[in-house]
Amino acid sequence: MTLVGAEAQETTAEGSGIARRPPGGVFLSGLSAIWLRELKRALRDRGQFVGGVSRPLLWVIILGIGLNPYFRGEVYGEVRFVVPYTYLQFIFPAVIALNIMYTSVQSAVSVIWDREFGFLREVLVSPLPRWVVLLGKVLGGTTVAMIHGALVLALARFADVIVTPSRVLQGLGMMFLLAFSLTSVGVVIANRLRSFEGFGVFSNAVILPLYFTSASVFPLDPALTRAQTRVVYPDWLVTIVEWNPITYAVDSLRGTFIGFNQFDPRLGPIVMAVAAAVFFAWALYDFRRS
């Protein structure tokens, strides 16, 4: 009877394919399934794709060309650029960050969607830990945001920015940290809101201030000391720029693609890695309570 029982248990394990699978395999399968679902749903959304293409065209071509003549100053009768780059070159890395910011935060609307239609409830009662579910959703949004950020690279030649394989690989690393951080922020917002309309309004109220106070559209003169900068610019504005984590992501992307940094180049990866860990922990805390 003992042998028969053992054979029956073995047959059950083989038939289910779950009992004999190590926990790590179950977690990885669940993680990849959730990630792939988020990726497929985003790629099928034509609205996201149109936004990912039209946004860089608007900012690089129209805004970049329109403001390029004003990005100069007259020094001793000679007209020079404020920094040794054209405005198109200066704003190019910032547009990459902008495309990532919009896509990352907006991808978190899937949390509201899944909660509204019951899919999230079904996933949460599965054996998967909540951190696996959240990580799958965040990685899905991060992947889509990185794709949208990479779309901007198609305009590199137009902006007179030289893109090499090594620069692309380095830039993708920063894009990942930025996208992961902001997707986690989007999840935090989605956990606190119950409607799609409210999420759209509130997310824009987060994205635009973060972007415009990250020295993305205007430079802080690197030739000035910190004290001099606070004299030239309003003290409160410099403080916001320095405390905004997106500032260091944009600065790191500028250092990668055009070789220009307003801050210590080592700060970008460090600040964004810390931000990614903190925001994901915050999102996980809220996700477990929801």
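The values are calculated or read from the model by the stated rules, or taken from the named source; none is laboratory data. Note that the structure is a prediction, hence the values are computed from the model and not measured. Cβ placement follows ideal geometry from the backbone for every residue including glycine, while neighbour counts extend to all protein chains displayed. For the accessible areas, the whole protein counts, side chains as well, though only heavy atoms, and no ligand, DNA or RNA atoms are used. Shrake-Rupley method; radii C 1.70, N 1.55, O 1.52, S 1.80 Å.
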Working out 0.36 nm times the residue gap between L63 and V168, then minus their Cα-Cα distance, what length gain in nm do you get to one decimal? 35.4 nm
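Would you please give the FRET efficiency between D45 and D235, computed as 1/(1 + (r/R0)^6) with r the Cβ-Cβ distance and R0 = 41 Å, to the nearest 0.05? Present the calculation step by step, with values, prior to reporting the outcome.
Details: r = 43 Å, r/R0 = 1.04.
E(calc), rounded to 0.05, equals 0.45.
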Once phi is turned into θ = phi - 60°, what whole-Hz ³J(HN,Hα) does the Karplus curve with 6.51, -1.76 and 1.60 give for every residue of the range 268-279, x standing for Gly and Pro? x, x, 5, 4, 6, 5, 5, 4, 4, 5, 5, 5
Per-residue HN-Hα couplings for the range 132-141, Karplus 6.51 cos²θ - 1.76 cosθ + 1.60 at θ = phi - 60°, whole Hz, x for Gly and Pro? 5, 4, 5, 4, x, 5, 5, 5, x, x
Derived scalar couplings ³J(HN,Hα) [the range 165-172; Karplus, 6.51 cos²θ - 1.76 cosθ + 1.60; whole Hz; x for Gly, Pro]: x, 5, 5, 5, 5, 5, x, 5
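Of R289, R55, which has the most accessible area and how do the rest follow, probe 1.4 Å?
On the way: R289 170, R55 50 Å².
The most accessible residue leads, giving R289, R55.
If you stretched the chain out fully between R289 and S32, how much longer would it get, using 0.36 nm times the residue separation minus the C-alpha to C-alpha distance?
On the way: separation 257, 0.36 × 257 = 92.52 nm, distance 2.36 nm.
90.2 nm is the gain from fully extending R289 to S32.
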